[in-house]
Amino acid sequence: MRRSDTGLIVGLLLFFTLATGWLLLRSQKDVEKAYPPFSSFSPRPQGLMAYYELLRASGFEPLQFGETIYHYPERGCMLLASESAPDISNMLGSVVDERSLRLWLEDGGRLLLVCDRDSMFISKLLVDELGFSPAPVYAAPPGCAAARQAGGQAGEISALSRVYRPGAIYELDSSRPMLWSEVERLEISESYGTYNADLQTLLGVFDPNMSAPDLQPVVLYTPVGEGEIIWLTAPELLSNKWIARVDNHKLGLALASFAVRPTEAGGEPLPLYFDENIHGYGRETLNEISVLTQTTGGRLLLVSAALLVLLFFGAAIRPARFFPLLTPQRRQATEMVHAQADLYRRAGARFSLAESLVDGLRRAYASSRHVSSMPSDRMLLEWLERSGADEPALRDFLRSKILPPVPRRLLELAQSCDRLRRRLEQGSI
């Protein structure tokens with residue numbers, strides 16, 4: 001190993017040691033907890049703690065569900081929140097198993113989706129698993145289209161997360177249905193976009209000042225087997241930062257009431273679960289160390305770092321001397337034919353070889369004519385005359401069944417059979 005390579009490896013190990021020590025010291029000081037976004041445990045602006053506590057205070061008795069992505073409660077409504085904006089926790093955490101979710105919905109489960117249209121699992125769940133076509137949605141029930149009235153609170157237009165973008169206030173029509181009776185105004189992210197899917201629109205917004213105002217769905221609904229999907233396409237509405245704006249909290253209560261309604265008249269409301277396996281990965285907080293050690297992506301990151309060190313170790317060790325593989329000398333095809341002819345001559349089986357070559361031609365002829373019986377010598381001679389094939393070696397052998405003791409004649413017979421067999425396979429004869 002060269003001295004420069006040794007110094008590089010020592011430097012890398014020293015860097016990883018110092019970085020790990022810094023993370024440990026930072027986590028011990030407990031400077032700031034890295035709460036996962038859209039978790040009911042999280043007090044961050046993207047968290048759902050305020051919405052969770054609002055539901056508890058309103059008598060809904062929500063529950064925090066922490067099972068794996070392959071297990072869902074037999075009866076109830078599952079709230080699953082996410083966002084397409086990158087975050088260390090949602091990049092390193094669990095993902096949704098769309099097939100398990102579809103089977104649970106078909107068996108009668110209800111899903112309250114709180115995520116934007118660009119979330120990773122939306123297209124897989126709606127298009128790939130449930131088979132919804134990307135048809136544009138422009139219609140909404142009477143009174144369910146809210147018109148833009150004014151700008152909302154300030155924010156960063158270039159922010160990746162919708163929670164930190166500026167808002168716009170929309171006002172619902174007075175003729176809105178009972179589901180939205182308590183909701184008069186909403187504040188939604190200014191950069192709100194449309195989503196194309198053939199789902200029923202329960203609530204949408206539009207800007208009347210636009211020359212061609214398009215309806216932007218906010219709440220979508222569709223039955224799936226015996227279950228249902230209620231989809232809030234603006235997740236910022238229920239976040240800690242936005243839920244207290246205008247009537248966003250009333251929309252959250254209306255959604256919860258609609259999601260947990262009894263399956264039959266006079267029945268009990270369904271329990272409402274927050275899927276903390278997806279939101280928070282079953283933990284109340286994640287600090288810098290636990291993100292690396294307690295999440296799937298964090299463990300992969302540690303393994304990748306270890307492999308990187310091993311890679312540098314391998315690059316620093318000089319490999320053994322390389323010797324090219326010995327390859328046999330290329331031979332001509334005619335050499336093989338001559339060798340086989342000489343072998344059969346020595347064994348006294350030249351006639352058997354000739355018969356074997358002609359039998360191969362017989363099989364090719366029968367296959368090209370789609371017949372099961374092999375042609376006789378007379379049939380082959382008649383076929384040669386009809387086709388006009390000039391093959392004297394084959395013709396002489398079929399007539400006399402005698403092969404002169406000259407290697408050249410056996411080679412000529414082999415070449416004749418090979419030419420005719422190829423023409424039969426190509427259909428040119």
- Query: So, in segment 21-52, of the ones that are surrounded by 13 or more Cβ atoms within 10 Å (Cβ to Cβ) and assigned to a helix (DSSP H, G or I), which residue ends up modelled with the lowest pLDDT?
  - Reply: SER27
- Message: Can you say whether ARG245 is in contact (Cβ under 8 Å) with a residue 60 or more places away in the chain, surrounded by fewer than 21 Cβ atoms within 10 Å (Cβ to Cβ) and either more than 34 Å from the chain's Cα centre (by Cα) or over 23 Å from ALA150 (Cβ atoms) (or both), as far as the supplied structure shows?
- Response: yes
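The values are calculated or read from the model by the stated rules, or taken from the named source; none is laboratory data. As the structure is a prediction and not an experimental result, all values here were calculated from the model. No Cβ is skipped: glycine too gets one built from the backbone with ideal geometry, and neighbour counts run over all protein chains shown.
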